[in-house]
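Down below is the structure, laid out as structure tokens.
Read-outs throughout are calculated quantities, based only on the coordinates presented, and are distinct from any laboratory measurement. Keep in mind the model is a prediction, meaning the values are calculated, not measured. Because the Cβ atoms are built from the backbone with ideal geometry, glycine has one as well, and the counts that use them run over all protein chains shown.
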Amino acid sequence: MKTPFLDCDRCGKNISFGDAFVSINRFIEQAEFIAARNRVEYQPIDSIQIATLCARCANLFDVQALAKIIKSVPTEDPETTL
Ligand SMILES: [Zn+2]
């Protein structure tokens, strides 16, 4: 028997351990180039979970459409508003 630990924010279905699911997060991080290691390293600063979707609901979304929506949502900063 599967043990649910989350609910889908779209359909309300239980998401159990072992199930695939999608998290949409606002993840704030800072990147630095570390010359000694010749690579970029990322420092997490903060993360807020916006939505959790079961695999079925998540697969119904067009990822490119979601990206377009994010780019088109008006903000208070006129330089970032399209
Ligand atoms: Zn769902």
Magnitude of the charge dipole, the chain, Cβ model with Lys/Arg +1 and Asp/Glu -1, debye to 20: 460 debye
Partner lysines for K2 [C-alpha distance under 24 Å; skip if fewer than 8 residues away on the same chain]: K13
Within straight-line cross-link reach of K71, aspartates and glutamates at Cα separation under 15 Å, skipping those fewer than 8 residues along the same chain: D62, E79
Calculated FRET value between D77 and D9, using beta carbons and R₀ = 30 Å, to 0.05: 0.65
Per-selection Rg to Rh, the chain - Cα, Kirkwood hydrodynamic radius: 1.10
FRET efficiency estimate (nearest 0.05) - Cβ-Cβ, M1 to A65, R0 30 angstrom: 0.25
